[in-house]
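K.L.:
Please find one structure pasted underneath; my questions will follow.
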Amino acid sequence: MKSIIFLCAIFLTLVSVLSEVQTNYHDAIGIPTANRIKALEEAIQANRNITIENRIIGGELAPLNEYPFFAGLIISLVGTPDPGVCGASLLSPNRLVTAAHCNFDGIRLAHEFTVVLGSNMLFYGGERIVSRKVIMHPNYRHQFFINDIAMIYLPRNAKITNIVKPIRLPNYLESWKQFLGFQARSVGFGVTTDGHTLVNPDSLLKHITLQVVDNSQCQLKNDLNRPNYDILCTSGYGGVGLCHGDSGGPLYTIDETSTDKSIFLIGINSYKYGPTCTGGTGYTRVTSYMHFIALHLNN
């Protein structure tokens, strides 16, 4: 009897924690976020100044050529005319990596992706390539954001310029690092800090600096059933953090040992815990999926 009570207590605790982690991404977050971004960009195109909420909280305007690897994703979904939105990282002229839940969140399945490169806006500007080939990790589990990674195949090469170019992956030595305590940056479509600032019509793409924290901290605040070694966590303390609508986007850090201070990808935005944007963020740890990525980069 005591064993049954103990197991029930564990189950209820897990359910309570998981209830704080959004699983029906597109209906709850992706579609509403896409609608808000589209309305905002239409207003900007019409030269109207408006005030909107943050998506990257505490973020700063991102120069167009500083993040040439970032791609916005406009996602056509089966069963609804409304698109969803995610981010992705360009790894080669015709391959990108994103979160698997951008393709299938357990309810909504993507029909096609419009990949937007070289633009600070999502619905206007840049190079746009439509893809219908997305390969999710074979062991992806949407219920717990396990193996939340997917590769996007482009039907043609993107034009590589100073504002469109791939980000590098961790090298052999970097692949063994845990990155604990590292300063890392994330990029996504959002606005400035407080929700009361007029939007700059030249840029909607934002960046934010976060600190990589111990996985145990992230697991206490996120999914208790998440494997330890396949996630990477950042702190949301101090009034900064990412909102749910930045799913699939990059987390990267700087190679301080290189002469050119090159940047490389270490995480893919996977999930948030709780209703606010300033909590911790869980990322798919890139170094745990180098084989999966290499398989599709070289295919």
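K.L.:
Among the listed pairs K38/K206; K165/K206; K206/K272; K133/K159; K133/K206; K133/K272, which are separated by more than 23 Å between their Cα atoms? Walk me through the numbers before you get to the answer.
P.N.:
Numbers: K38/K206 16 Å; K165/K206 18 Å; K206/K272 18 Å; K133/K159 19 Å; K133/K206 28 Å; K133/K272 27 Å.
Pairs exceeding 23 Å: K133/K206; K133/K272.
K.L.:
How do T284, T114 line up, fewest other C-beta atoms within 10 Å first? All intermediate terms of the calculation are to be shown ahead of the outcome.
P.N.:
Values: T284 28, T114 17.
Taking fewest neighbouring Cβ atoms as first place, the list is T114, T284.
K.L.:
For D82, D230, D246, which order do you get if you count the other beta carbons within 10 Å of each Cβ and list the fewest first? Each step should come with its number before you reach the end.
P.N.:
Working: D82 15, D230 19, D246 28.
Arranged by neighbour count, lowest to highest, D82, D230, D246 become D82, D230, D246.
Computed from the coordinates by the stated procedures, all read-outs in this text should not be read as laboratory data. Everything numeric in this text was worked out from a predicted model, so none of it was measured. Methodologically, a virtual Cβ is constructed for each residue, glycine included, from the backbone with ideal geometry; neighbour enumeration extends over all protein chains shown.
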